[in-house]
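Since the structure comes first, as structure tokens, the remarks are kept for the end.
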Amino acid sequence: MSTQQINFGTTVVAWQKKHGRHDLPWQNTQDPYAVWLSEIMLQQTQVTTVRDYFARFMARFPTVADLAVAHQDEVLGLWSGLGYYSRARNMHRAAQEVVALHGGVFPRSAESLQTLPGIGRSTAAAVASLCFGEPIAILDGNVKRVLTRYLGFKENLASSRVEKELWAIAQTLLPQCDVTQSMPRYTQGVMDLGATVCTPKKPQCGQCPVANACVAKREGQTENYPIKTHELKRTSEQLWLLQAQTTNGDVWLMQRPQTGVWAGLYCLPVFQSFEALQAALPAKYRVHLQEAAVFKHVLTHKDLHVHPVALTLPSPVKLGVSMGEGQWVLQADWPALGLPAPVRKLLTP
């Protein structure tokens with residue numbers, strides 16, 4: 001191992017101690033439940049958004065056992081607005097497995113943690129290193145950016161072979177002294193570097209502790225890393241949502257199937273066309289339908305063009321057999337349910 005590689009780990013540890021983040025609500029603890037919860041929430045989500053959600057989850061479910069016995073509807077309700085709802089469903093299942101298979105105690109190794117639902121290689125490594133000092137590298141999006149810039153790693157990360165190569169290199173950069181004590185600070189340090197210094201645009205190289213050895217900085221090519229040329233093929237879909245509400249604010253909601261878009265969430269009835277929506281209603285209600293402005297909701301691989309159609313009724317009525325297993329939900333109750341973001345947007349005055 002080269003001196004440069006040894007210095008990377010120790011330099012990051014020293015930098016994190018003085019300049020890293022120390023005030024995040026899931027820091028300054030080695031409780032694997034709290035760390036795991038934060039890591040799941042932080043996938044694809046900014047720290048500023050996660051803070052409030054993390055606080056609410058910890059207040060309602062202070063232990064993994066509390067989360068395990070919760071009803072999925074309550075978990076999704078608290079998660080509502082964070083998006084990527086498969087994270088919440090897997091998180092709930094993982095909590096149940098920790099209780100059922102591990103006696104309510106989180107496994108201590110990254111290898112064992114990966115056997116739980118929704119915990120990938122990097123998340124497992126983060127929990128194992130932050131909580132138990134395991135010498136194992138993480139490789140989330142921020143860390144990929146830090147390492148590829150530092151190394152001048154010009155291979156295309158769209159290739160699984162290349163990503164495995166970067167994993168192997170990342171493992172060589174770990175601190176080599178006082179490993180058990182150094183690993184939590186190192187892991188936090190590389191995450192902090194990516195989040196606050198080595199940012200995607202206009203990185204603050206003057207504040208970076210490893211800038212003098214950074215290949216991308218030397219080349220003046222920081223914004224060209226990491227290299228990942230695989231382009232996502234985006235699709236689009238038109239959806240019509242029936243917003244049936246009473247004058248008291250009660251709303252007709254249906255629970256979505258456990259797979260597909262908005263899986264397991266409570267939702268306004270969804271149709272593929274305005275004609276299909278009309279056909280699902282008794283004729284006497286069709287004349288009262290009011291189409292609202294179309295808006296776009298962006299998912300990871302798809303743009304949803306949402307067509308809201310309002311139907312205001314004086315009181316709850318049966319909307320027809322073709323409407324499926326829906327139900328009227330009181331105005332006081334629906335905000336606590338797990339709702340897709342565009343549905344919550346429509347229902348919130």
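Observations
- A count restricted to segment 291-302 and to residues that are in contact (Cβ under 8 Å) with a residue 12 or more places away in the chain, exposed (fewer than 14 other Cβ atoms within 10 Å of the Cβ) and of a type outside the set (S, T, N, Q) stands at 6.
- Matching entry among 145, 185 (being open to solvent by 50 Å² or more (accessible area, probe 1.4 Å), modelled with pLDDT of 95 or more and among the charged types (D, E, K, R)): 185
- Tabulated pairs, segment 160-177, first without any contact (Cβ under 8 Å) to a residue 24 or more places away in the chain, second open to solvent by 60 Å² or more (accessible area, probe 1.4 Å), C-beta under 7 angstrom, 6+ apart or interchain: 162/155; 165/155
- Residues that are free of Cβ contacts under 8 Å to residues at least 12 places away in the same chain and in contact with a helix residue (DSSP H, G or I) (Cβ under 7 Å, 6 or more places away or on another chain) within segment 208-219 comprise just one, 211.
- Residue tally, condition more than 24 Å from residue 196 (Cα to Cα) and either at pLDDT 95 or above or of a type in the set (S, T, N, Q) (or both), over segment 148-163: 3
- Matching residues, segment 251-305, being within 20 Å of the chain's Cα centre (by Cα) and β-branched (Val, Ile, Thr): 259, 261, 298, 300
- Number of positions in segment 220-239 that are within 17 Å of residue 299 (Cβ to Cβ) and either touching a residue at least 12 places away in the same chain (Cβ under 8 Å) or open to solvent by less than 40 Å² (accessible area, probe 1.4 Å) (or both): 8
- Cβ-Cβ distances below 9 Å connect the following pairs, each with a first residue in segment 314-340 that is modelled with pLDDT of 90 or more, a second residue that is of a type in the set (D, E, K, R) and part of a loop (DSSP other than H, G, I, E, B), and a separation of six or more residues or different chains: 328/250; 329/250; 330/250; 331/250; 333/250; 334/250; 340/256.
- Count of segment 103-141 residues, restricted to those that are touching an Asp or Glu at 6+ places or on another chain (Cβ under 7 Å) and either open to solvent by 20 Å² or more (accessible area, probe 1.4 Å) or of a type in the set (Phe, Trp, Tyr) (or both), is 2.
- Test: residue 190 is of a type in the set (Val, Ile, Thr), over 11 Å from residue 13 (Cα atoms) and touching a residue at least 60 places away in the same chain (Cβ under 8 Å): no
The values are calculated or read from the model by the stated rules, or taken from the named source; none is laboratory data. For clarity, every value in this text was computed on a predicted model and none was experimentally measured. Neighbour counts run over all protein chains shown; Cβ positions are idealised from the backbone, glycine included. To get the accessible areas, we keep the full protein, side chains included, count just its heavy atoms, and leave off ligands, DNA and RNA. Shrake-Rupley method; radii C 1.70, N 1.55, O 1.52, S 1.80 Å.
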